[in-house]
Amino acid sequence: MTDPRRLPAVHSVLEDPDAEHALQRWGRERFASQVGAVLSELREQIQSGATLEAGPLEAASVAKEAAARLQLLGARRQIPVINATGVIVHTNLGRSVLSSSARRAVAEVSGSYTTLELDRPTGQRGSRQGLVHDLLCHLSGAEAALVVNNNAAAVLLALSVLARGREVVISRGQLVEIGGSFRIPDVMRESGARLVEVGTTNRTHLDDYRRAVGPNTALLMEVHPSNYRITGFTAQVAGEDLVSLGGQLGVPVILDLGSGVMEHLPGSDEPRVSDVVAVGYDLVAFSGDKALGGPQAGIMLGRGELMDQLRAHPLMRAIRPDKLQLAALEATLVHYLVPGEAAREIPTLRMLGTGSAELQQRASRLAAAIASLVPQRMSVSVEPVDSRVGGGAAPERYLDSYAVMLDAAGRESALATALRLGSPAVVARVAGGRLILDPRTMLPGEDEQVVEAFRALTLR
Ligand SMILES: *Cc1c(COP(=O)(O)O)cnc(C)c1O
């Protein structure tokens, strides 16, 4: 065992020439406390019986270790990456890339005071909700709109306000778990509402709902099965029928739509938000950063009187959107006013709409460039693949793509890691022993950057 008395004192580490630069950069207090942390870790190792080399115990080594840790602490963690996975709404990679006008809006309002809650004509306090309210109503046909921090918060708010201490009827086929531990039954419990499950996993009928409604029923709820499909012998109740039942029984009907598309997506039969609103739900909630292609947000559309109730609830203050979200959302929504503009300007929609011929061409160019940069024994080819919408946006929906397939002779995982850690950082997929680069989710100019990333690797 090493003798703990061999550890240098904090002051002698601070006086070491190797500490000078760090002292200047981080200041005495912060650096000394980091030195103290390094020393106490060493002390613990020694006390647990470890025999340490003399090197790490020297004042200079301790100073260097403490400086390195502070350097790491101050390094940027959220950095841009190139998404070569082919998953468009990729939650781990930040879901949606904003349009250039949405990015400009965010940059502008983040660098100045804004009209967030200012009524310019009167100088009185305005409403941040007013920034997007009319736009949302115009685009969707809804009577009223309300925006919160994300869709999970929207669902929590709706249930807390409309159903606390009462019952919410929902089909067993719709007890969804979205990634990140958002589970409908748990959110329901958290809101103080009582879940009443009806039907079975694969089949639920209108009569199941009808029979479950009693004096204590607050809501009928429908949830979009965003990330799974029940197929085979199935039956779910159409929104129209549920809404009409709610009308007969005097029970509001709400829909957690999950994604929410404003315009028809190429090759998809997913109804538009305006079609869904027209069904007559009392409330529809969906995400701002899935198929809409905007910032993280929870968008609620529905009856005015109901929205007023939600707006007045104390929880609203805790989950309201900030000025950056609202700036990005406003700019994103404006694209939908002009025919064709959203599909052109919003990256999510552009990626969804890219044709497979263009992707094949891009993949071929990419493959040729990469083939010239990797060792001969790694074979590079272009093959048809399925890209995914992702983000719980359209589970069974695959898009015909072409991708670069790199057979890295057993080193595909190491290669994927090197690409993630490289500069620029590239996130690729690994499957079937191969590294897959799908150009569908690469932004303009990124194809060349991927080639640069390969050039920067030292491949043996
Ligand atoms: C994605 C999703 C949510 C959560 O939305 P966030 O905006 O991520 O909070 C809730 N419900 C459904 C059905 C979803 O698909």
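Here are the numbers for this structure:
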read-out: Ser100 out of contact with any Leu (no Cβ under 8 Å at 6 or more places or on another chain) and within 30 Å of Tyr402 (Cβ to Cβ); value: yes
read-out: Among (1) within 16 Å of Glu358 (Cβ to Cβ); (2) of a type in the set (Phe, Trp, Tyr); (3) part of a helix (DSSP H, G or I) - the single one Phe454 does not satisfy; value: (1)
read-out: Qualifying residue in the range 272-285 (condition: in a loop (DSSP other than H, G, I, E, B), touching a helix residue (DSSP H, G or I) at 6+ places or on another chain (Cβ under 8 Å) and polar (S, T, N, Q)); value: no
read-out: Qualifying residue in the range 42-51 (condition: over 40 Å from the mean Cα position of the chain (by Cα) and of a type in the set (Ser, Thr, Tyr)); value: yes
read-out: Count of the range 264-295 residues which are modelled with pLDDT of 95 or more, among the acidic types (Asp, Glu) and out of contact with any Leu (no Cβ under 6 Å at 6 or more places or on another chain); value: 2
read-out: Single residue of the range 286-336 satisfying the filter (surrounded by fewer than 19 Cβ atoms within 10 Å (Cβ to Cβ) and not in a helix (DSSP H, G or I)) that is nearest to the ligand (Cβ to nearest atom); value: Ile319
read-out: Within the range 105-135, considering residues that are in contact (Cβ under 8 Å) with a residue 40 or more places away in the chain and exposed (fewer than 14 other Cβ atoms within 10 Å of the Cβ), the one farthest from Ala331 (Cα to Cα); value: Ser110
read-out: Selected residue (criterion: modelled with the lowest pLDDT) from residues of the range 210-257 that are within 16 Å of the ligand (Cβ to nearest atom) and among the charged types (D, E, K, R); value: Arg229
read-out: Qualifying position, being closer than 30 Å to Val261 by Cα, over 22 Å from the mean Cα position of the chain (by Cα) and not β-branched (Val, Ile, Thr), among Leu443, Leu359; value: Leu359
read-out: Test: residue in the range 83-100 that is surrounded by fewer than 18 Cβ atoms within 10 Å (Cβ to Cβ) and basic (Lys, Arg); value: no
read-out: Inter-residue pairs, beta-carbon under 8 Å, first closer than 26 Å to Leu156 by Cβ and in the range 262-289, second among the basic types (Lys, Arg) and within 13 Å of the ligand (Cβ to nearest atom), 6+ apart; value: Asp289/Arg95
read-out: Checking Arg183 against (1) surrounded by fewer than 17 Cβ atoms within 10 Å (Cβ to Cβ); (2) among the charged types (D, E, K, R); (3) out of contact with any Asp or Glu (no Cβ under 6 Å at 6 or more places or on another chain), the condition it does not meet; value: (3)
read-out: Test result for Asp269, in a loop (DSSP other than H, G, I, E, B) and closer than 19 Å to Ser99 by Cα; value: no
read-out: Answer residue from the range 149-188, given it is over 24 Å from Thr231 (Cα atoms) and among the β-branched types (Val, Ile, Thr) and is nearest to the ligand (Cβ to nearest atom) among those; value: Val155
read-out: Near pairs, Cβ below 6 angstrom, 6+ apart or cross-chain, from the range 172-192 (more than 10 Å from Val155 (Cβ to Cβ)) to any residue that is within 8 Å of the ligand (Cβ to nearest atom) and of a type in the set (Val, Ile, Thr); value: Gln174/Val223; Leu175/Ile184; Val176/Ile184; Val176/Val223
read-out: The range 77-88 residues that are on the phi > 0 side of the Ramachandran plot, paired with ones that are polar (S, T, N, Q) (beta carbon under 8 Å, 6 or more apart); value: Gly86/Ser387; Gly86/Ser401; Gly86/Thr441
read-out: Which listed residue, of Ser356, Ser379, Ser413, Ser387, is modelled with pLDDT of 90 or more, closer than 30 Å to His264 by Cβ and touching a Leu at 6+ places or on another chain (Cβ under 9 Å); value: Ser356
read-out: Filtered residues of the range 258-271 (kept if hydrophobic (A, V, I, L, M, F, W, C) and away from the ligand (no atom under 15 Å from the Cβ)); value: Met262, Leu265
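Let's see how each residue does on (1) in contact with a strand residue (DSSP E or B) (Cβ under 7 Å, 6 or more places away or on another chain); (2) among the charged types (D, E, K, R):
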residue: Ala154; (1), (2): yes, no
residue: Gly179; (1), (2): no, no
residue: Val187; (1), (2): no, no
residue: Gly192; (1), (2): no, no
residue: Arg203; (1), (2): yes, yes
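The values are calculated or read from the model by the stated rules, or taken from the named source; none is laboratory data. Just so we're clear, the structure is a prediction, and the values are computed from it rather than from any experiment. Using ideal geometry, Cβ is built from the backbone for each residue, glycine included, and neighbour counts are taken over all protein chains shown.
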